[in-house]
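The values are calculated or read from the model by the stated rules, or taken from the named source; none is laboratory data. If you're wondering where the values come from, they're calculated on a predicted model, not measured in any experiment. All Cβ positions, glycine included, derive from the backbone under ideal geometry; neighbour counts span all protein chains shown. Accessible surface is based on the protein model in full, side chains and every heavy atom, while ligands, DNA and RNA are left aside. Shrake-Rupley method; radii C 1.70, N 1.55, O 1.52, S 1.80 Å.
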Amino acid sequence: MTNTIQSKQKTNINFMGYQNVIKDIKELSKGFKILLLVGGIVLIFFGFFSIEVFTDPENQLPTHLKYMVGSHFSPFKQYAESFINGSPIGRHGAGIALASSILYSINGIAAFSGLLAVAMVVGGKTSQWFWGIINGILYGTFAIVAGYIGDFLGQIMIVIGAVIGWCLFTFVYKEEKFRSLKDLRQWWLKIVCLVLGLGIMIGFCFGWYYMIPVAYEGMFGLEYTKVVTSTQHFFDGVSNGVNMFAYFMQIAFITEQWWIWELTNIFKILMYSPVGLNENYVITMMIQYVVWTIISGYGLYKLEIAPLYQKIITKIKVQKQHKK
């Protein structure tokens, strides 16, 4: 009898929230579903559509691959570039080019899974960890072939952290409401937490800044400073440091995480824009993080700005009633 009860308890463990995937999506508001659908279509589209086409001015492509020249199909562009110049996962050849093209094409799907993860975080749903780990694996795979070593290492930590977050969410928080620094009664304690959090976030940024070049050269065997500009290095280090701090706040179920997520997205947009990459800017990645900014902005509005606004309005009404 005891063995039967134990076996039932084991089967009822909703690991990473996978059992709630469909239910949690259905419970989202209609407006948020439409926002996710539009965002998902945009991300998947630009995962396969390249605004900038591949050109072959030096006539390096063999005759049987000439049809790829001038194509907006992103996998073709990646295949041709990898065939000629190699990629971080290998030097030259059709095999490396094909592998790079396939792995690179994962980005749109990875970004969409990330949108679903954000949506579940906003709703306080268990399946946020399921989508988070899916996004970490898919985007990490894309990042390694694209040479984004900072993002790759960050996704490894996110995959590991997702398991920890699920355990805390399920067995410690037990799907309770978000925590907030505003709930602390002592004003001095709020300041201490704010200063401590800011110090930790800055420490993460410095850590990533100095770790990325070492990891890049160790994994790819290429000199980091010859491939990446100093400006891109700065944004890469800062954005990944801020991103890691935001993820720890997500694991701790703290609402102020949305301010940090928005800061992360802004840094990512700048990193892939002409500000970070000069003439080599990546429009598709900029679009991806603009969509992320909009979705994260919804979480910021719902869980931070709207409650704060309501609190201010309520306080004003109370003061008016006292004056009467």
Starting from the Cα of Thr314, step 7 Å along the direction of its Cβ; do the same at Lys226; then give the gap between the two resulting points in nm. 6.2 nm
How much length is gained on full extension from Glu27 to Gln186, taking 0.36 nm per residue of separation minus their Cα-Cα distance? 53.6 nm
In degrees from 0 to 90, rounded to the nearest 10, what is the angle of the helix 74-85 Cα long axis to the longest principal axis of the chain? 50 degrees
Of the residues Val42, Met249, Ile212, the Cα lying farthest along the dipole of the chain towards its positive end, which is defined by charges on the beta carbon of Lys, Arg, Asp and Glu, belongs to Met249
Could you please put Val290, Val282 in sequence from largest to smallest accessible area, using a 1.4 Å probe? Val290, Val282
Glu58, Glu223, reordered so the largest accessible area comes first (probe 1.4 Å): Glu58, Glu223
Quick check: pseudo-label points 7 Å beyond the Cα along Cα→Cβ at Ile34 and Ile164, how many nm apart are they? 4.0 nm
Which whole-number value in Å² is the accessible area per residue of segment 52-166, probe 1.4 Å? 38 Å²
Hey, got the dipole for the chain? About the Cα centre, +1 on K and R Cβ, -1 on D and E Cβ, debye to the nearest 20? 2020 debye
What whole-number distance in Å separates the alpha-carbon centres of segment 225-264 and segment 62-127? 23 Å
Helix 230-251 sits off the longest principal axis of the Cα atoms of the chain, rounded to the nearest 10 on a 0 to 90 degree scale, by 40 degrees
Segment 180-287, Kirkwood Rh and Cα Rg, ratio Rg/Rh at 1.07
Could you tell me the accessible area of Glu27 in Å² (1.4 Å probe, neighbours in place), rounded to the nearest ten? 100 Å²
Largest first, how would Asp151, Asp183 line up by accessible area (1.4 Å probe)? Asp183, Asp151
Could you pull out which residues in segment 48-69 have an amide N less than 15 Å from a spot 7 Å beyond the Cα of Leu98, following the Cα-Cβ vector? 65
How large is the accessible surface per residue of segment 167-304, computed with a 1.4 Å probe and reported in Å² as a whole number? 53 Å²
Would you work out what percent of the accessible area of the chain, with all protein chains in place, is carbon or sulfur (probe 1.4 Å)? 68 percent
